[in-house]
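Single-structure report; data block below.
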Amino acid sequence: MIDKLGKLLPATDPVPFGEKLLAGVISLSAILAVIYISDFFLGQEDLPLIVASMGAAAVLLFAIPYGPMSQPWPLIGGHFVSTFIGITCARWIPDLYFAGAVAVGLSISAMYLLRCLHPPGGASALTAVFGGQAVQALGYQFLLTPLAINVSVLLFAALIINNILPGRVYPAFLRRSKSENERGGMRRQVLEQALSNMGTYVDVSVDELEQICTLARQAQDQLFGPSVCADIMTREVITAEYDTPVEQVWEWMVRYRIRSVPVVDRKRFVIGIITTQDFLKQVLQVEGKTWSERFRNFLIPSTGLETDKPEVVGHLMTRPVVTAYQDQALAEVMPLFSRHGFHHLPVVDRGDKLVGIISEHDLVQLLDLATVPRVNKHGEGGEQGPETVPEKQGDD
């Protein structure tokens, strides 16, 4: 039973124990001030509702101080916009249940549009509707007392305490120095575009993503060290030329159990890649009852001067080709495999001539320091994957 419950928990919890205790102590002092202020203006009868939304805001401000929803504008705008909508709905919609639902729905849309999405704002909207006689009697004055005072207390506490304690900075934009802004400007634009392309709200800031990328890169550099592509690449590679017959390349793939072959010109410049996927796409268009018949019909050379199918590698290859330089750090090359779904990557010199090949297996073996001696194994699929000669590669 315990094991099953454990699977429902997050796999990792990176927050230090001291940080968890600290967030609770800070929230305690801030909420205590909010309770006394709310009690002064509303009394104990209506106290729970207003304090509930402030309690939720405290979780964000002191436990997740760097999150987008925890910043000053979401805190201020989220509460005030939602409360204003809640008071208006309570005044103009007789049915309180319907008024509460409308208030929350409009508040969410308004916070989205005004870029101040703050979950406790939904609670503030409901407080304005169901807050009881004291809240209803205050009307729009409720925005000033106690809401404005409570929000000010929380914001003041967040600004003071989060900046006094070591390792904390608030608001989040203060975490970046001017030099970091200049150095990471292009990456920041890429991250902002990536978040925009997701088409939904993600509770992570660009600053946090930048820090994650930086830390991940540092960890990757430590993992691979100073290694470059030339350190692990296989140097002898089976290649084809533009006019190599497709049946010849397929014979190499079957004989040597490889799944792709780079296409080079006479000066060893990579001009394309031919893969098993390129073959499969063409075979699907050939008539035949079975795959064997389709392949056989495709690989039989056409007679005469006209043909309705690729006859040479140049007609079938994929291009352009993503390559890596032989002196390029492996920490830079590794993302190419995950980003493009490659299993093999041709390696070129600074003159762009083919000098070797790296596979996913090579990277895995680099991590597995116990594997001695290293044997290159290629041909594990992927859209791109030039292969090596039989002595150096194969699908074992």
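We did not get these values from a lab; they are worked out from the coordinates using the rules stated. Please read all numbers here as calculations on a predicted model, not as lab measurements. As a convention, Cβ positions derive from the backbone with ideal geometry for all residues, glycine included, and neighbour counts pool all protein chains shown.
Worth a mention:
- Karplus-based coupling profile of the range 24-39, in residue order and whole Hz: x, 5, 4, 4, 4, 5, 5, 5, 4, 5, 5, 4, 5, 5, 5, 5, with θ = phi - 60° in 6.51 cos²θ - 1.76 cosθ + 1.60 and x standing for Gly or Pro.
- With θ taken as phi - 60° and the Karplus curve 6.51 cos²θ - 1.76 cosθ + 1.60 applied, the whole-hertz 3J(HN,Hα) list for the range 331-341 is 4, 7, 7, 3, x, 4, 5, 6, 5, 9, x Hz, x standing for glycine and proline.
- When peptides 19-28, 226-235 are ranked by their average number of other Cβ atoms within 10 Å per residue, the highest-first order is 226-235, 19-28.
- Here r is the Cβ-Cβ distance between Y112 and R266 and R0 is 45 Å; the resulting FRET efficiency, rounded to 0.05, is 0.15.
- Converting phi to 3J(HN,Hα) with the Karplus coefficients 6.51, -1.76 and 1.60 and the offset θ = phi - 60°, the range 152-166 yields 5, 4, 5, 5, 4, 4, 5, 5, 6, 5, 5, 9, 7, 5, x Hz in sequence order, with x at every glycine or proline.
- For I274, the residues whose modelled amide H falls within less than 5 Å of its own, excluding neighbours fewer than 5 places apart on the same chain, are V261, V263, T318.
- Segment V364-S292, extension gain: residue separation times 0.36 nm, minus the distance between their alpha carbons: 22.5 nm
- The calculated FRET efficiency for N163 paired with I212, based on their beta-carbon distance and R0 = 22 Å, is about 0.45.
- Amide H contacts of G356 (H built 1.01 Å from N, in plane; Pro and chain starts excluded): V347 sit under 5 Å, all sequence-distant by 5 or more or on other chains.
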